[in-house]
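K.L.:
Handing you this structure, nothing more for now.
The values are calculated or read from the model by the stated rules, or taken from the named source; none is laboratory data. None of the values given here were measured: they were computed from a predicted structure. Please note: Cβ atoms are built from the backbone with ideal geometry, for glycine as well, and neighbour counts cover all protein chains shown.
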Amino acid sequence: MSREILFKAKRKNWRELPKEEWWVEGNLITNEREEGTAYIGYIFDVHNGVIEDFDIVEIDPETLCQYTGLNDKNGKRIWENDILHNGNKMIVKWNEPCGRWDLYIVNVSHIPMGAWRPLVIDWRTSDWKEYSDCHECEVIDNIFDNPELLGGADLGYSIKTS
């Protein structure tokens, strides 16, 4: 089984740009000589299978998010730090000790996404259910661009918004 390993982050100069240019997606590039500096490289021009042009953009490492390999009910990619909705608002976070993605329900607890088969709570019945590819969830935003969607919930970690 293989999956795409992609990252996204806000450009270093995102505050100076129109909102549609804030985020960049691609491969993470770090510089061991310059701690705290990171870049995302991405291909934007391919002709007949040959890469014609690519770009490397300096990013704000505080906004770095990894692609989970899952898509929401609309086919939109689900990234770390995304806010999902299925009746509850949930945040996607990496659970390092367990080596998996978890969904944290705002003001409740965390839900293991398991081996790419997420477990989420059915808000209508309060039963735990397994949803393949999060097909009943929808990405509504992320914790960096729209933290007010969380209603001031204490998530147990800080969110950098500016």
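K.L.:
From the list ILE78, ILE51, exactly one residue is at pLDDT below 80 and not small (Gly, Ala, Ser). Which is it?
P.N.:
ILE51
K.L.:
Has the range 73-81 got any residue that is without any contact (Cβ under 8 Å) to a residue 40 or more places away in the chain, surrounded by fewer than 16 Cβ atoms within 10 Å (Cβ to Cβ), over 16 Å from ARG11 (Cβ atoms) and not assigned by TED's automatic domain parsing to the domain that holds ARG15?
P.N.:
yes
K.L.:
For the range 1-56, name all the residues that are assigned to a strand (DSSP E or B) and in contact (Cβ under 8 Å) with a residue 60 or more places away in the chain. Even if it seems obvious, please write down each step before you answer.
P.N.:
Restricting attention to the range 1-56, the residues satisfying the condition of being assigned to a strand (DSSP E or B) are 7-11, 23-30, 38-47, 50-56.
Listed by number, the residues that qualify are PHE7, LYS8, LYS10.
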